[in-house]
Amino acid sequence: MCGLFAVITPDGSAPALVDGVSAALTDMRHRGPDDDGVWSDDDAVLGFRRLSIIDIEGSHQPLPYADDRYRIVFNGEIYNYLEVRQRLTEEFGATFSTDGDTETIVAGYHHLGPAVVSQLRGMFAFVIWDTQERVAFGARDPFGIKPLFTTTDERGTFFSSEKKVLLDLAPQRRTVDTRALQHYLELQYVPEPATLHEGVERVESGTSFTLRPGGPLRTERYFRPDFRPRRSADPDALYRRIAEALEDSVAKHMRADVTVGSFLSGGIDSTAIAALAKRHNPDLLTFTTGFEREGYSEIDVAAESAAAIGVEHVTKVVTPREMMDVLPLIVWYLDDPVADPALVPLYFIAREARKHVKVVLSGEGADELFGGYTIYHEAISLAPFDKVPGPVRRGLGRASRVIPEGVRGKDLLRRGSKTLEQRYYGNARIFRPDEMGFLRSFDPAVGHADVTAEHYAATTHLDGPTRMQYVDLFTWLRGDILVKADKMTMANSLELRVPFLDTVVLEAAAGLAVEEKLTRGTTKFALRRAMELIVPPHVLNRPKLGFPVPIRHWLKDEMYDWARAIVLESGADDLVDRQAVLRMIDEHRAGPHDLSRKIWTVLVVLLWHGIFVEDRIAVEVPEPQYPVHL
């Protein structure tokens, strides 16, 4: 788990950028406080910050291979690297000079070419420079666990694990992408491949790329999730396959030369991971965060789970004052705004965990693979509307608009009048188009279909709930869940691993029929059955809670003045009507409607604007001070 930087120049001017790259790496020292390195030739500069996890004394990057024909910078972990190394040795006579996973990637590229990416189980973003063929090759992992930003100007094409590092070297990239801003306000995150800065993009998950000096960046999608829902003739065998796949994934995710712990909430996902991890580390430490307000903490349930599976447990309680004080720093770490309040407790529990371990496991991805979101039931409950003729359906929508708010049946008619493609665009739906009057650049032609249309087009053969899962894998998961997981743990120089997001686990989940995922009373049915002998009974069928944050209450009281001050001090008048936002804050305080998520979404982007566009908010970034060995 590290931070990489690479630039490929068009005209042999790479040496002139070496000092700038070295200086820019300082801004991502939190991703790699253990080691750094810069290498260059006429056409390429590669820079690296390392958090040492495997082969601590070796595997210094940028790493050479094949008598220095190649140089690689790599962020992430390859969990099957031992198996891949063995295959490369037996089939191709590959040789290795390190004991790490980085060399496995570049050796695989040498012998297999771009097809190496399909052999890798893990999380990764890497760039390989071939000094002989004068071509760069790189890729991101199938799910988008590890980030990779890119921008191009007259000096060349730049890649980085952190967008702020690109902004250091390309300060002209400070213009807000108003289309991406509108998507953010609707979704609470900026969807890939865009960022909130014009001219800076993300390499998409599941894609690889090639680049020659002076040529265009050519990308190719090497991975798409292949859902094949079909009812199993042998449910018990199905549950065994799921349990075996997850156990194998956890075993490989435990590979490290440092201490591995596990996050633990009150739900089945993280509890299953922790219970399986304990089989490989009897002294496993688990970590939970929460709040003192009743109904907003899973500390007690997590403690009960920790006792049931026999692990030591560490907790952290977060106060509203801590949230207010740390939010600007969190936004700086994020690079792009993500309006998920769960970022804040995640930051604090990562900070606490880093005092004890260097790696943690977590349960992200289970909901998208196994059907864990309650909203997936909607596609089943609204199925009768699919048989209603289009004109009649649109009439139901018009009727719903004249029914007063709060009247029973209004929301059912509204949702039923829309097709799945029209109504579902992920778990976070913040501002509807008719609620964006405060956005000065509002464009009615911009909407969620810009983001979801291609994913719906690819899944016309699937049932409704499975199509929703597919959409979430490309939107909510990689735009919100994985961004906050990577950024908040790396902010604390902590590596987070997600065993559910493994291609072998996906294969076990991809064939589940709807009724094996969703029942009348629960979600993730097959996963729950598969985990019956692993997860404590009090957790097995417990509803999902996650890390809920009491901003609804705090924005009425403790955070009211703080929120108003953020709006009043903002210099984003060209983007946002400040008076409209202040009215929103006052309306929320007066009640009865809960506008907290909308307010939070605006506050986060105003802080982001103050940091990354105005240069008005100066964030004091703590110096990472952690031992290499833990």
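Summary table below
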read-out	value
R354 surrounded by fewer than 18 Cβ atoms within 10 Å (Cβ to Cβ) and not aliphatic (A, V, I, L, M)	no
Residue check, T89 part of a helix (DSSP H, G or I) and β-branched (V, I, T)	yes
Residue in the range 282-290 that is outside any helix (DSSP H, G or I), without any contact (Cβ under 8 Å) to a residue 40 or more places away in the chain, in contact with a Phe, Trp or Tyr (Cβ under 9 Å, 6 or more places away or on another chain) and crowded, with 24+ Cβ neighbours inside 10 Å present	yes
Listing of helices (runs of 4 or more DSSP H) fully contained in the range 309-382 that carry 3 or more residues being closer than 30 Å to H609 by Cβ	320-334, 343-353
Residue match in the range 72-88 (condition: in the same structural domain as T151 (by TED's automatic domain parsing), more than 21 Å from M123 (Cβ to Cβ) and in contact with a helix residue (DSSP H, G or I) (Cβ under 8 Å, 6 or more places away or on another chain))	no
Members of the range 411-452 found to be loosely packed, with under 14 Cβ neighbours inside 10 Å and assigned to a helix (DSSP H, G or I), listed by number	D411, D434, A449
Among the candidates V567, V505, V539, residue that is modelled with pLDDT of 95 or more, under 29 Å from F287 (Cβ atoms) and in a helix (DSSP H, G or I)	V505
Among the candidates V314, V301, V331, V326, residue that is among the β-branched types (V, I, T) and touching a strand residue (DSSP E or B) at 6+ places or on another chain (Cβ under 7 Å)	V314
Residue tally, condition in contact with a helix residue (DSSP H, G or I) (Cβ under 8 Å, 6 or more places away or on another chain), surrounded by fewer than 16 Cβ atoms within 10 Å (Cβ to Cβ) and either in contact (Cβ under 8 Å) with a residue 40 or more places away in the chain or of a type in the set (A, V, I, L, M) (or both), over the range 305-329	2
The range 258-281 - residue that is among the β-branched types (V, I, T) and in contact with a Ser or Thr (Cβ under 9 Å, 6 or more places away or on another chain) and, of those, surrounded by the fewest Cβ atoms within 10 Å (Cβ to Cβ)	V258
Residue that is surrounded by the fewest Cβ atoms within 10 Å (Cβ to Cβ), among those in the range 134-153 that are charged (D, E, K, R) and modelled with pLDDT of 95 or more	R134
Cross-chain or 6+ apart pairs with Cβ under 7 Å, the range 222-249 first and outside the structural domain of P142 (by TED's automatic domain parsing) and assigned to a loop (DSSP other than H, G, I, E, B), then loosely packed, with under 15 Cβ neighbours inside 10 Å and among the β-branched types (V, I, T)	none
Any hit, the range 513-534, residues being buried (at least 24 other Cβ atoms within 10 Å of the Cβ), part of a strand (DSSP E or B) and modelled with pLDDT of 95 or more	no
Odd one out for S52 among (1) in contact with a helix residue (DSSP H, G or I) (Cβ under 9 Å, 6 or more places away or on another chain); (2) over 26 Å from T157 (Cβ atoms); (3) of a type in the set (G, A, S); (4) in contact (Cβ under 8 Å) with a residue 24 or more places away in the chain	(1)
Qualifying residues in the range 453-477 (those that are surrounded by 15 or more Cβ atoms within 10 Å (Cβ to Cβ) and in a loop (DSSP other than H, G, I, E, B)) - the one nearest to the chain's Cα centre (by Cα)	T475
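Results for (1) over 22 Å from the mean Cα position of the chain (by Cα); (2) among the polar types (S, T, N, Q); (3) under 29 Å from M323 (Cβ atoms); (4) not assigned by TED's automatic domain parsing to the domain that holds I53, shown as yes or no for each residue.
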{"site": "S493", "(1), (2), (3), (4)": "no, yes, yes, yes"}
{"site": "V498", "(1), (2), (3), (4)": "no, no, yes, yes"}
{"site": "L506", "(1), (2), (3), (4)": "no, no, no, yes"}
{"site": "T519", "(1), (2), (3), (4)": "yes, yes, no, yes"}
{"site": "K524", "(1), (2), (3), (4)": "no, no, no, yes"}
{"site": "A530", "(1), (2), (3), (4)": "yes, no, no, yes"}
{"site": "D561", "(1), (2), (3), (4)": "yes, no, yes, yes"}
{"site": "Q579", "(1), (2), (3), (4)": "yes, yes, yes, yes"}
{"site": "R583", "(1), (2), (3), (4)": "yes, no, yes, yes"}
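Residue-by-condition table, conditions (1) surrounded by fewer than 18 Cβ atoms within 10 Å (Cβ to Cβ); (2) outside any strand (DSSP E or B); (3) on the phi > 0 side of the Ramachandran plot:
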residue	(1), (2), (3)
D11	yes, yes, no
H30	no, yes, no
D42	yes, yes, no
D55	yes, yes, yes
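The values are calculated or read from the model by the stated rules, or taken from the named source; none is laboratory data. These numbers were taken from a predicted model, which means no experiment stands behind them. For neighbour counting, all protein chains shown are included, and Cβ atoms are generated from backbone atoms with ideal geometry for every residue, glycine included.
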